[in-house]
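Below: one structure, written as structure tokens.
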Amino acid sequence: MARLLPESGLYLVTPPSLTAARAPLDAIQSALRGGAVMLQYRAKSPVSAELGARLRELCRQAGLPFIVNDDPRLAREMRADGVHLGRNDPSPLAARALLGNGKIIGASCYNDFRAAEAAVRAGADYVAFGSFFHSRTKPHALRATMGLLQHARALLTVPIVAIGGITPENGKELIAAGADMLAVSHGVFGQPDPEAAARRYAALFV
């Protein structure tokens, strides 16, 4: 059964160094308890089918969508609820043809509103902009502006995700400017208590 795309909330992104070890999985389970609404498995290399299956099960237990980064075929193999696409990945149209209508498709649009419009026309269910602040996960990422968020909120009908260096403090600005979801990795998984960290972000949407 496909999971519905959340309308708003904390969108967790797994850290690049994630392994199938018990401690990292415990950290993710704790963060999900903290109030996340969606989880993205981001693994540049190597991808672990075992880890993906365990993350999918954690999401099933929590009743939230499990998204795979970059690769629609991998998303299908892992029986994920959807895929998140970057600039060099297959188009939303190609991903939809592979995954079907019941899956969630998101697209990174960086600081480019026209890319977001094109992604939505091609069938993306949500778009992501960023980096809005300096990101420890992607320190050289393109920067997006609050004005871009405001412009997108006025013209797009799909949920908008903000990403990049987001804290519970600056996250308020992004939501006020039009972000529906905040995508966070280090801000939760780089903290001593991931559940408490996730709760601080989740509280921004109450």
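Below is a table of values for the structure above.
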| item | result |
| --- | --- |
| GNM result for the chain, Cα springs below 10 Å: residue of A36, A176, A124 fluctuating most strongly | A176 |
| Descending Cα extents along the principal axes, region 58-113, whole Å | 36, 23, 17 |
| Max mean-square fluctuation residue, GNM over the chain, Cα-Cα springs under 10 Å, options G178, G100, G123 | G100 |
| Segment T145-A94, extension gain: residue separation times 0.36 nm, minus the distance between their alpha carbons | 15.4 nm |
| When region 26-127 is reduced to its Cα atoms, the Kirkwood hydrodynamic radius in Å | 13.9 |
| Average Cα contact separation per residue, region 99-172, under 8 Å, 6 or more apart, as relative contact order % | 32 |
| Largest-first principal axis extents of the Cα set of the chain (Å) | 42, 40, 31 |
| Average Cα contact separation per residue, region 50-189, under 8 Å, 6 or more apart, as relative contact order % | 15 |
| Most mobile of M78, M38, M181 in a GNM of the chain (Cα contacts under 10 Å) | M78 |
| Label point 7 Å beyond Cα of K138 along Cβ direction - residues of region 148-182 with amide nitrogen under 14 Å | 161-166 |
| Gained length - Q61 relative to R87, 0.36 nm times residue gap less alpha-carbon distance | 6.2 nm |
| Efficiency of FRET from Cβ geometry, L4 and L155, R₀ 22 Å, rounded to 0.05 | 0.40 |
| Charge dipole (debye, nearest 20) of the chain; +1 at Cβ of Lys and Arg, -1 at Cβ of Asp and Glu | 200 |
| Inter-label distance, nm, simple model (7 Å from Cα along the C-beta direction), V47/E77 | 0.5 |
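We did not get these values from a lab; they are worked out from the coordinates using the rules stated. These numbers come from a predicted model, not from an experiment. As a convention, Cβ positions derive from the backbone with ideal geometry for all residues, glycine included, and neighbour counts pool all protein chains shown.
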